[in-house]
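The values are calculated or read from the model by the stated rules, or taken from the named source; none is laboratory data. Here the structure is a predicted model, which is why all the values come from computation and not from measurement. Cβ placement follows ideal geometry from the backbone for every residue including glycine, while neighbour counts extend to all protein chains displayed.
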Amino acid sequence: MSNGDFDPTKPIYLMSYPKIVLLYPTFIASIICGFIALFLEDAANPTQSTLALSFMAILGVNLVVLAFDFPRTTSLTLFFCIVAFVFGFILLMRQFPDLLPAVSSFFNSLKPHANSTFYFLFAGVLGIIYLCVFFTVRMDYWEIRSNELLHHHGFLSNLERYSAPNLRISKEIDDIFEYLLMRSGRLIIHPSSEPRAFVLDNVPFIDGKEARITKMLSALQVTVRQEGPPSPPTNPKL
């Protein structure tokens, strides 16, 4: 959004999502695998085992992302190196079974099978959870206006108001994978009238939200400075 298109009077909404939303790659993979398994039909087809192993690999990587934080690029590089090494080792054992016979026989014995019903049920469960998340986050969200900060929470939409002038915000990208998957991060709000700060984790599209908030607060600062304090009355001449 350019500076000319920005409207400082338009409110900005901030919602903090739970980490379960980061499983959406597995959700998409389960739907794709379900349709592939539906067309394969034959459970003895070797492609079924490859499909199940691929799904388990995506699920495993996604669960690692969900379980651990990767705050730096070095940890991200290390993670991808470990994943590449594991998959490379598995492929090596499959192509050259005589290299390590015991290990090769173990990997060759891994032939999981899952029908389309399993994949669609998995996607259905995640879909129901996502629908619940969609409604619950709308019962607890923040709204930033040009002159005040509002906190909506509760089933009946309880409201707390804070003054927007001198409001400070801080952005933190504490997990590289969260940022890559949803462009999300942590937003810390410091109202001037409150001794404590409010921390919002996993806010999607955090860069755009921070830029809009900064422009809104800058416009508010300019307005306050232009108005200025009232001038003292002059003494009439006697």
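Some points to look at:
- Annotation note: of Lys10, Lys19, the sole residue that is under 16 Å from the mean Cα position of the chain (by Cα), basic (Lys, Arg) and at pLDDT 80 or above is Lys19.
- The range 14-26, residues that are part of a helix (DSSP H, G or I) and either over 13 Å from Leu131 (Cα atoms) or among the hydroxyl-bearing types (Ser, Thr, Tyr) (or both): Lys19, Leu22, Leu23, Tyr24, Pro25, Thr26
Conditions (1) closer than 30 Å to Tyr24 by Cβ; (2) surrounded by 13 or more Cβ atoms within 10 Å (Cβ to Cβ), marked per residue:
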{"position": "Tyr119", "(1), (2)": "yes, yes"}
{"position": "Phe122", "(1), (2)": "yes, yes"}
{"position": "Val133", "(1), (2)": "yes, yes"}
{"position": "Tyr141", "(1), (2)": "yes, yes"}
{"position": "Leu159", "(1), (2)": "no, no"}
{"position": "Ala164", "(1), (2)": "no, yes"}
{"position": "Ile169", "(1), (2)": "yes, yes"}
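- Any hit, the range 204-221, residues being at pLDDT 90 or above, part of a loop (DSSP other than H, G, I, E, B) and not acidic (Asp, Glu): yes
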